[in-house]
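The values are calculated or read from the model by the stated rules, or taken from the named source; none is laboratory data. From a predicted model like this one, the values you see are computed outputs, not experimental measurements. Because the Cβ atoms are built from the backbone with ideal geometry, glycine has one as well, and the counts that use them run over all protein chains shown.
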Amino acid sequence: MSRLLRDRPASTPEMLTAFGDEALLRAALAFEAMLARAQAEAGLIPALAAETIAAACAELPDVGTLAEAAAHAGTLAIPLVTLIRERIADPEIAKLVHKGATSQDLADTALMLQAKAGAALVRRDARRLTQALAVLAEQHAATPMLGRTLLQAAQPITFGLKVVGWLQGAAGALTRFERETAAIQLQLGGATGSLAGLDGRAGEVTERLAALLGLPGADTPWHARREGLAGLASSLAILTGAVGKIAGDIALLAQTEVAEAFEPKVAGRGGSSAMAHKRNPTGCQVALSAAIRAPHLAATVMSALPQQHERGLGGWQSEGPVLAELFEVTHGALAAMVVVVEGLEVDTDRMAVNLAAARVGTDMGEAMLLVARALAAYRKDR
């Protein structure tokens with residue numbers, strides 16, 4: 001059932017693990033275990049019951065068997081809650097599993113726990129990329145090169161000015177992403193989002209559950225209010241597009257006829273199965289492929305916004321796999337381009353030759369001043 005041959009070239013082992021089957025099950029089981037503990041802390045159920053339920057959530061079930069049961073039931077929650085209850089000898093305690101919760105509470109919270117782990121990976125490597133870009137821009141603040149507009153020779157610039165443009169795009173997209181991660185919140189609302197079945201202690205249970213799971217609590221349940229996830233998905237697509245811009249420029253600079261910048265040489269990477277002389281920009285390929293996929297994935301989440309009544313049909317069920325794929329391709333693009341930018345081979349002599357051949361003069365305007373100004377702003381915001 002593995003999809004590694006398809007998924008691994010576009011993402012990273014870390015992100016694939018964060019959104020893998022085991023991570024999803026651990027998150028779903030954590031929701032049920034911590035829900036019981038939160039209810040015990042609030043005096044809603046006995047402490048012994050909570051510990052019994054938590055113990056029943058400790059062992060992962062067989063993924064294949066549970067996947068078939070979830071497909072049959074229409075939701076993971078039904079077979080998973082049944083399995084947890086079957087692990088508990090005392091029928092009275094078994095009845096307390098999933099108390100006051102609904103299937104969407106489990107699904108949304110598990111997805112948010114995975115998104116929290118995924119966001120940490122995206123944030124880490126996006127920061128690493130921007131730092132590498134800042135170093136590269138500073139190194140080449142005064143390196144003259146040919147500026148190109150509409151894919152044609154234009155006027156002189158510096159390579160540092162080109163790189164600082166990459167930096168501003170990536171840093172701005174990262175800032176937007178960090179803002180949109182506010183959507184990563186606990187979901188607990190019960191069957192219709194009214195917090196019924198918690199004996200008037202829903203506020204305390206929600207607060208304690210949020211603390212136990214390490215997720216922010218929401219002001220109100222958000223079963224049918226999905227603009228936060230749409231914003232998160234859009235920010236991932238925007239970040240991927242900003243990384244794709246860098247990849248596209250570097251791939252063009254690496255063309256044989258240009259030959260101004262190249263991905264670092266890595267044994268076994270970037271070759272051709274038919275042409276031994278080729279040095280393909282493989283990291284750029286990963287990022288550009290991600291930039292093609294990401295907008296359409298984000299559009300799917302956007303299209304799920306108008307969900308019906310208190311809990312919708314088909315909308316939220318579509319978001320989990322799509323958001324997972326978005327995180328995967330975004331991190332794949334970041335990881336690939338971090339390596340490219342940190343090890344980028346810049347041929348300043350070739351840049352000078354191409355600039356002279358274009359016969360567009362030597363006036364670089366205020367390119368160096370713009371680089372200095374942009375780097376100062378970037379360092380101030382760090």
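What the table shows:
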quantity	calculated
Test set (1) within 28 Å of S194 (Cα to Cα); (2) touching a Cys at 6+ places or on another chain (Cβ under 9 Å) - P79 fails condition number	(2)
Subset of region 68-81 (residues that are of a type outside the set (A, V, I, L, M) and surrounded by 15 or more Cβ atoms within 10 Å (Cβ to Cβ))	T75, P79
Yes/no for A115 being at pLDDT 95 or above, among the aliphatic types (A, V, I, L, M) and assigned to a strand (DSSP E or B)	no
Among (1) touching a residue at least 24 places away in the same chain (Cβ under 8 Å); (2) touching a Lys or Arg at 6+ places or on another chain (Cβ under 9 Å); (3) surrounded by fewer than 22 Cβ atoms within 10 Å (Cβ to Cβ), the one test that L326 misses	(3)
Single condition P306 does not satisfy, out of (1) touching a residue at least 12 places away in the same chain (Cβ under 8 Å); (2) more than 22 Å from R124 (Cα to Cα)	(1)
Condition check for A298: touching a Leu at 6+ places or on another chain (Cβ under 6 Å), farther than 30 Å from G147 by Cβ and either in a helix (DSSP H, G or I) or touching a residue at least 40 places away in the same chain (Cβ under 8 Å) (or both)	no
Unique residue being free of Cβ contacts under 8 Å to residues at least 12 places away in the same chain, closer than 30 Å to S11 by Cβ and assigned to a helix (DSSP H, G or I) when the list is V122, V135	V135
Positions within region 251-269 being in a helix (DSSP H, G or I) and touching a strand residue (DSSP E or B) at 6+ places or on another chain (Cβ under 6 Å), in sequence order	L253
Complete set of residues in region 189-244 that are assigned to a helix (DSSP H, G or I) and over 18 Å from the mean Cα position of the chain (by Cα)	A202, G203, E204, V205, T206, E207, R208, L209, A210, A211, L212, L213
Of all residues making up region 141-182, the number that are within 30 Å of L215 (Cα to Cα) and either without any contact (Cβ under 8 Å) to a residue 60 or more places away in the chain or hydroxyl-bearing (S, T, Y) (or both)	6
